[in-house]
């Protein structure tokens, strides 16, 4: 086998492998769009589900999803960014930082069903919150916390040391340096992490179905139950209630993620340009 | 404000941040505490050997053997890696070493979009398209270990590809130049030098993918069949540890509920072992 | 510095008020609140009862504004636990309570047949209870002796906590255990979808959910239908139960009485269930209340 021959075979393999992988993945998006888009309309987005989801739209599920994400971000962002600030600004590498980082990594690896089990037993049953936006929000917050910590840390680390030096020279306190100089500069990176978490949270089912519940009502109070879009899709698809609505819900989900990704790219670009 | 006041305020702020930093540790601790407090007494009562090695899971009759599910979870993870790993690697090598940057610029965002698609959508498409194929052309009920491995393999592709692409792209061009100047072809340079240099990143990608496969629950419930038997062939239906927890969580109580937490302990160790392997590999590379 | 601190305090207050405001309207177990806020109850349990409960809830909420009826799934055993632990106002079950579960207030709202279904392409039309039991125990593995087709039977059952499974075990399996190698699905709809696409599958679902995609076989010579159940010829049926921890009051009672009223029962009958009154006679739970209401 000459090297030239090996090169050709290898190239052939790589191309076919890549082609296969990408073809499968694009097939998935294509099927969802082709089968789902025709059923999306303004009515679909603004009407509530009727007749168990066979008719009507998905409005209450959209509200549930947004409400859930907002609650989990309100909890996870302060905790996550605060942790990242501590790790980078207020200590040096040592035992404490190693423990906190290890804990974060382990938390990232916890299977979502265990978070669901934990959330169900602790928040829904033992603490008496019931199936609610609160139970779901706290559980989801725990799930996205590691992502926010990790990306915030990266973002804060990448702020040039010069900023902190200038702050010190001008006689500002550490707190002033952090809030006025470091954080605003790290904001785009932190925002990326937030957007990543939103992407994860939107598609999460195992945690949400056992903590938020499956009620088709629009949640108003934080103690109300609801049904997120991903859970709604799961139920529609499983039970064969309405294939067209299932595909349409999936298409809405894919679109949301697309919009979120586009926004994050746009923001990243804008801030990177702005800094220059 | 006097200098002493400022210093005191700074110290207070530092302490507040320390508390916040421990919040993530605290939630992990709380989860671990919960699972162990609820699960360990059950393992004590039933016996570790019976719990881990018995194949009989009939909680309403007092049998709590999870061996069949441990085997299923194991094979599903290995299988998902077999389907998603090489395919993902081939794709990333192609994207970095052989494709133009324009192609890369289109594909990378598309991959991030795919990474965000809910796993239940993958599961559903698997039920609609893959299960009939397996059933009609390969045999068995279609809901099987094989179907699960394929779908999970596809699910981890975006993760594996994007991290591998990042690692491969991070290998300095000087490495490749050096190989070329020694007379290597592109493929020789790739597999003898670049992949080697990106090894720790690639392994991280694979381990992360594996982690996702182990933890996947709802999609697996849709395609695996959930039968309580050790799979004797890839076409047999299986039930993973995660699916079992999800199927029984709503109604389990007493010893049964504790058994689910004990299953959680087993999963915990599974995942922690994966994490340790990953950090060991990554560290070794860095030392070199 | 002062301006920043004021801003922080302002944001904290805003968040606080948002959370407190959002916290108002918590679910309650007693009568409906007065003035402005709404009352809500939670119904959790059987996946078989769930679609019917959702239908009833939809109509009830239109007739009674400012009420919210949340319907969750989880399975019959989960519903029983939910009622016992109080996380749901009403727990639902599609099977009878076991002796160790007794102690809850039981209200049958309807009866539902269990239909054994196969794929429309399957030629079998009738099964004896004995054969059905053997299939589910794993003793008959292929369709050969039943229809001549030499192919493995894809036996589909529900998960252990399911009321439908519990009822099936009680009515068909008696003391024999369902083979652990069976495929398990976690809802009627999922079983139906599977049987509709697999020519060699067999499963059991709620009679009210049988549609043109599957074929319901006769058991012991009796074809499953609402009439057959009413006339007691088809003996494979189970109660849909509403369970409460204590005697129901307030919104919970009002909703239950709606379900038991002629209108509620008509809705259930239209969906393919057998009204509770037909087999058990009229419930006097609500009649008692209306008379005491008049007194008050």
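Here are the numbers:
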| read-out | value |
| --- | --- |
| Among the candidates A:57, A:36, residue that is within 19 Å of residue B:124 (Cβ to Cβ) and surrounded by 20 or more Cβ atoms within 10 Å (Cβ to Cβ) | A:36 |
| Hits in the range A:225-247 (condition: part of a loop (DSSP other than H, G, I, E, B) and either at pLDDT below 90 or more than 9 Å from chain C (Cβ to nearest Cβ) (or both)) | A:227, A:228, A:240, A:241, A:242 |
| Qualifying residue in the range A:41-53 (condition: touching a residue at least 12 places away in the same chain (Cβ under 8 Å), exposed (fewer than 13 other Cβ atoms within 10 Å of the Cβ) and in contact with a strand residue (DSSP E or B) (Cβ under 9 Å, 6 or more places away or on another chain)) | yes |
| Filter result for the condition that a residue is closer than 16 Å to residue C:111 by Cβ and either buried (at least 24 other Cβ atoms within 10 Å of the Cβ) or out of contact with any helix residue (DSSP H, G or I) (no Cβ under 9 Å at 6 or more places or on another chain) (or both), over C:209, C:251, C:241 | C:241 |
| Count of the range C:186-210 residues which are over 18 Å from residue B:237 (Cβ atoms) and away from chain A (no Cβ under 13 Å) | 1 |
| Residues of the range C:201-217 classified as assigned to a loop (DSSP other than H, G, I, E, B) and more than 20 Å from the chain's Cα centre (by Cα), total | 4 |
| Enumeration of residues in the range B:89-107 that are surrounded by fewer than 16 Cβ atoms within 10 Å (Cβ to Cβ) and in a helix (DSSP H, G or I) | B:101, B:102, B:103, B:104, B:105, B:106 |
| Filter result for residue B:239 (facing chain A (nearest Cβ under 9 Å), under 22 Å from residue A:121 (Cβ atoms) and either surrounded by fewer than 24 Cβ atoms within 10 Å (Cβ to Cβ) or in contact with a strand residue (DSSP E or B) (Cβ under 9 Å, 6 or more places away or on another chain) (or both)) | no |
| Subset tally (residues that are more than 10 Å from chain A (Cβ to nearest Cβ) and under 29 Å from residue A:208 (Cβ atoms)) for the range B:101-125 | 1 |
| Some residue of the range B:32-42 being buried (at least 19 other Cβ atoms within 10 Å of the Cβ) and facing another protein chain (nearest Cβ under 8 Å) | yes |
| Flag for residue B:182 being surrounded by fewer than 19 Cβ atoms within 10 Å (Cβ to Cβ) and either in contact (Cβ under 8 Å) with a residue 12 or more places away in the chain or over 16 Å from the mean Cα position of the chain (by Cα) (or both) | yes |
| The range A:87-117, residues that are at the interface with chain B (Cβ under 10 Å from one of its Cβ atoms) and over 16 Å from residue B:23 (Cβ atoms) | A:89, A:109, A:111, A:112, A:113, A:114, A:116, A:117 |
| Which listed residue is away from chain A (no Cβ under 13 Å), in contact (Cβ under 8 Å) with a residue 24 or more places away in the chain and surrounded by 20 or more Cβ atoms within 10 Å (Cβ to Cβ), from B:200, B:167 | B:167 |
| Selection status of residue B:221, crowded, with 23+ Cβ neighbours inside 10 Å and outside any loop (DSSP other than H, G, I, E, B) | yes |
| Residue within the range A:179-196 that is within 11 Å of another protein chain (Cβ to nearest Cβ), at negative phi and free of Cβ contacts under 8 Å to residues at least 24 places away in the same chain present | yes |
| Residues (in contact with a helix residue (DSSP H, G or I) (Cβ under 7 Å, 6 or more places away or on another chain), in a helix (DSSP H, G or I) and free of Cβ contacts under 8 Å to residues at least 60 places away in the same chain) located in the range B:41-85 | B:53 |
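The values are calculated or read from the model by the stated rules, or taken from the named source; none is laboratory data. Treat the numbers as computed from the prediction; the structure is a model and nothing was measured. In this analysis, Cβ positions are derived from the backbone assuming ideal geometry, glycine residues included, and neighbour counts consider all displayed protein chains.
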